[in-house]
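Here the structure is laid out as structure tokens; the discussion comes afterwards.
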Amino acid sequence: MLLIRSAPEKMLLEFLEILRGIQPEAGVTLLCHAGRELEGCESLIYPHQGFFRPENVNTRKLKSAHFELAAVPYATERRFHPAYYNVDSIAQASGADRVVLFYRDGRALPADKEFFELKRLRVVEPYLERKRQALAEIAAFTGEELSLVEEKCDLAGLEAVRLWSAADPRSEEEVRRYYTSHDFYIYELMKTEYNGDREELVDSVLEECAPGEKVLDYGAGVGIFSIPLAARGAEVTHLDLPGPLFEFARSRFASRGLPVRLLACEREEPLTGSYDTIVSIFVVEHLLDPERTLRHLSRHITREGKLLLAVDFEEQRCGDEPLPLHLAPLTAERYYSIMRELGLELVRRRGRLDVFRRKA
């Protein structure tokens, strides 16, 4: 069997445990980067840094192994996640008799030629067009070659961890300096956007915000939420730390002619006015004192206003890779307790989006 290491180690080990429970003598060849080998698997080293690409794989060698099965782990629950199209292609090119995809939620899905063709037409081609536009937008802002922009998008998450480990920030001032001095989040968040990783959340936020409402996007990044909100007619304030990311967002609003108010977060409690809706998506877990921020936000929604939050709880994570940028990991229990203490009631959930209002 060919196993492609396109997910965290924990997922692969769980898959191998199931496999060996069924076929104890099954031989496994692991296609992986150097240093990512697994005990008990024969390793085939991918010779390049960054994401797997079929043009960098010796498919002739794969075919000569006559694999009965090629297994592709998706570190997601999205069945048709577009970003895995390269590993899909490698699995197909391996010449394996069968291909199976397995997912973070434990499900597995057999994939044949018709499956991959359907995915290409419905998901991959629109994704590649979104990606092309996103890379061009970044290149227009930075002046970099498209190939370099693509490479930086691929490696942005790893670069964030590398820079964090090198800086080892401990105080609020050091954390602020880290975020305002580097541009990696431009690439990481644009990748998040063109991957479609926030599509369901964007749809949910848009359903919660009516045209004409005063909406604050707190920790707004590249404008994944601010841009569609403004395009729908909301009166949007885009708040984030000053720095390269903030200026890139400014350029995106200007190129679209969107009348968005930009607010640079110069202090820990930056708000003065009130908003009909405050949106904050996967932000509070990056803060040294999330409770203080939640308290601050709660004071700046109108009497009938809403607070829309998504939080990346540590127990929802799949995998072994550390997330040092999560400064104050919250449990769901503590998070909801804080919100109750602030007099906020969870009125509904839309997937990972929580909708809070003041208690009557």
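The values are calculated or read from the model by the stated rules, or taken from the named source; none is laboratory data. In this text, all values refer to a predicted model and were calculated from it rather than measured experimentally. Heads up, the Cβs are rebuilt from the backbone with ideal geometry, glycines too, and the neighbour counts pull from every protein chain shown.
General remarks:
- Residue count for the stretch 186-213, restricted to those that are in a loop (DSSP other than H, G, I, E, B) and either over 9 Å from the mean Cα position of the chain (by Cα) or over 16 Å from residue 308 (Cα atoms) (or both): 7.
- Pairs where the first residue, in the stretch 127-148, is more than 20 Å from residue 159 (Cα to Cα) and in the same structural domain as residue 251 (by TED's automatic domain parsing) and the second is surrounded by 16 or more Cβ atoms within 10 Å (Cβ to Cβ) and of a type in the set (D, E, K, R), C-beta under 8 Å, 6+ apart: none
- If you filter the stretch 208-223 down to residues that are within 17 Å of residue 302 (Cβ to Cβ) and in contact with a helix residue (DSSP H, G or I) (Cβ under 7 Å, 6 or more places away or on another chain), you find that the one that is surrounded by the most Cβ atoms within 10 Å (Cβ to Cβ) is 217.
- Residue match in the stretch 30-50 (condition: of a type outside the set (A, V, I, L, M) and in contact (Cβ under 8 Å) with a residue 40 or more places away in the chain): yes
- Residues of the stretch 297-313 include at least one that is modelled with pLDDT of 95 or more, part of a helix (DSSP H, G or I) and closer than 22 Å to residue 357 by Cβ.
- Among the candidates 255, 226, residue that is surrounded by 15 or more Cβ atoms within 10 Å (Cβ to Cβ) and touching a residue at least 24 places away in the same chain (Cβ under 8 Å): 226
- Exclusive hit being among the small types (Gly, Ala, Ser), modelled with pLDDT under 95 and more than 25 Å from residue 190 (Cα to Cα), set 71, 75, 108: 108
- Filtering 21, 40, 50, 35 for residues that are in a helix (DSSP H, G or I) and either in contact with a Ser or Thr (Cβ under 7 Å, 6 or more places away or on another chain) or not assigned by TED's automatic domain parsing to the domain that holds residue 151 (or both) leaves a single hit, 21.
- On the stretch given as the stretch 177-193, residues that are aliphatic (A, V, I, L, M) and without any contact (Cβ under 8 Å) to a residue 24 or more places away in the chain total 0.
- Any hit, the stretch 84-103, residues being modelled with pLDDT under 95, of a type in the set (D, E, K, R) and surrounded by fewer than 17 Cβ atoms within 10 Å (Cβ to Cβ): no
Matching residues to (1) closer than 21 Å to residue 76 by Cβ; (2) aromatic (Phe, Trp, Tyr):
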| site | (1), (2) |
| --- | --- |
| 152 | no, no |
| 177 | no, no |
| 180 | no, no |
| 184 | no, yes |
| 188 | yes, no |
| 196 | yes, no |
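- Selected residue [under 16 Å from residue 191 (Cα atoms) and part of a helix (DSSP H, G or I)] from 137, 117: 137
- Of all residues making up the stretch 272-296, the number that are buried (at least 18 other Cβ atoms within 10 Å of the Cβ) and modelled with pLDDT of 90 or more: 10
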